[in-house]
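> A single structure is presented below for examination.
The values are calculated or read from the model by the stated rules, or taken from the named source; none is laboratory data. Since the model is a prediction, treat every value here as computed from it, not as a measurement. Cβ sites come from the backbone with ideal geometry, for glycine too, and all protein chains shown count toward neighbours.
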Amino acid sequence: METFLTQKFPQIKICGLTSTDEALKCASAGADAIGLVFFKNSPRYIKPEKAKTICASLPENVTTVGVFVNEPFNSIMDIVSTSNLGAVQLHGNEPPKFVRRLTDQGLIVIKCLYMETQPSIAQVSTYQASAYLVECTRGELPGGNAMTWDWEDAAAFGDNHPMVLAGGLSPDNVASALDKSMPDAVDVSSGVERAPGKKNIHKVMQFIKAVRECPSKRELRRIF
């Protein structure tokens, strides 16, 4: 059963945090969720023990999201337990049964589906995730790789499914992306960074302000 938000603007996830201080500043600025990357090939990779410290420092109203790529089930659950995560985000080729197994653990499970590669948004009916992160996926690493795309292509998907929009978002373009796609939430990483894993808090504040100045044209679902 979907839960709808009372506020008009989408929820905001700041992803790829690597320090407690920056995570707290993002939370204070108004982030609804903080993303922690457990994919070892990522420049934003964080060890579970350090993630635990970050998670313990955050207020209860901020959801902590672990980002994984084709990680074994037991490994994900160990990290969820160690770091005390509230949600998991799957950026690989995790099959539908795997996704359902995680949702059965009482977790918020966000499955990434892509516009230009597999698994694609056309396969959404095979999954039973809590929500779906949609991006184009260009570049070497799983994820948006800071590349913009035609966000309007995701609008129809968001009409029918809980959607987190990602890929190339920044303070300068998020208003346009929201107008074109009307997502329930947005996810940003490199667009608010001074270096991989190091956030520019001024840009974070600009991004959040830009989102909150763009009321949605439809009723929004709660993701985080």
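> If Gln89 satisfies all but one of (1) more than 30 Å from Ala155 (Cβ to Cβ); (2) buried (at least 22 other Cβ atoms within 10 Å of the Cβ), what's the number of the condition it fails?
The failed condition is (1).
> Next question. For segment 178-224, how many residues are β-branched (Val, Ile, Thr) and part of a helix (DSSP H, G or I)?
Counting residues in segment 178-224 that are β-branched (Val, Ile, Thr) and part of a helix (DSSP H, G or I) gives 5.
> Moving to a separate point now. Give me the pairs, please: first residue somewhere in segment 187-201 and on the phi < 0 side of the Ramachandran plot, second residue anywhere and among the β-branched types (Val, Ile, Thr) and in a helix (DSSP H, G or I), beta-carbon distance under 6 Å, and either six or more positions apart or on two chains.
Correct list of pairs: Val192/Val204; Lys199/Val192; Asn200/Val192.
> A follow-up question, please. Do the conditions hold for Glu140, that is, is it modelled with pLDDT under 95 and within 24 Å of Lys180 (Cα to Cα)?
No, not satisfied.
> What are the residues in segment 9-45 that are surrounded by fewer than 24 Cβ atoms within 10 Å (Cβ to Cβ), touching a strand residue (DSSP E or B) at 6+ places or on another chain (Cβ under 7 Å) and assigned to a helix (DSSP H, G or I), if any?
Answer for segment 9-45, where residues must be surrounded by fewer than 24 Cβ atoms within 10 Å (Cβ to Cβ), touching a strand residue (DSSP E or B) at 6+ places or on another chain (Cβ under 7 Å) and assigned to a helix (DSSP H, G or I): Glu22, Ala27.
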